[in-house]
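A short worksheet on the structure shown next.
The values are calculated or read from the model by the stated rules, or taken from the named source; none is laboratory data. What you see is a predicted model; the values in this text were computed from it and never measured. Cβ placement follows ideal geometry from the backbone for every residue including glycine, while neighbour counts extend to all protein chains displayed.
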Amino acid sequence: MNMLQLLRVAVLLVYLLLPSLLCDNLLCYYSPILEHEITFELIVTECPPDELCFKADGRYGNHSALSARGCVPKKVCGQVKSLRLKGTVYTMTFNCCDSPYCNSCPGLDAKSLLITVTLVTVSVMTGSL
């Protein structure tokens, strides 16, 4: 592995880990409660102390119809709540995570990204890629 590859890997790791080392409060993405068909540019928000990032999924029967992101107190995490919106009652499930920007996209959180980067780094260092 040459020095340039090693430098790139080091910069990438610092970029991924630095926010969590410098901030006391968690940085998360925010979006209001929206229907799944509506797109919204995510906004970065800083959670108050003792709050975590969340992604909420609102279901109407078996259909996933709503989504939301932001910060919530830890006691809300994992809860299922009813939400009445435009005359319809949805079941909102709050899934929380505790690393910066971990509520960025479905199926991928910061821990998964870090594991992927680590595996790629090991592959590069051993010459497998």
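At-a-glance table
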| read-out | value |
| --- | --- |
| Residue list for segment 69-120, filter: among the basic types (Lys, Arg) and either modelled with pLDDT under 60 or surrounded by 14 or more Cβ atoms within 10 Å (Cβ to Cβ) (or both) | Arg69, Lys111 |
| Extreme residue, nearest to Cys105 (Cα to Cα), among residues of segment 32-56 that are acidic (Asp, Glu) and at pLDDT 95 or above | Glu46 |
| When residues of segment 6-31 are limited to those that are touching a helix residue (DSSP H, G or I) at 6+ places or on another chain (Cβ under 7 Å) and modelled with pLDDT of 55 or more, the one farthest from Leu85 (Cα to Cα) | Val9 |
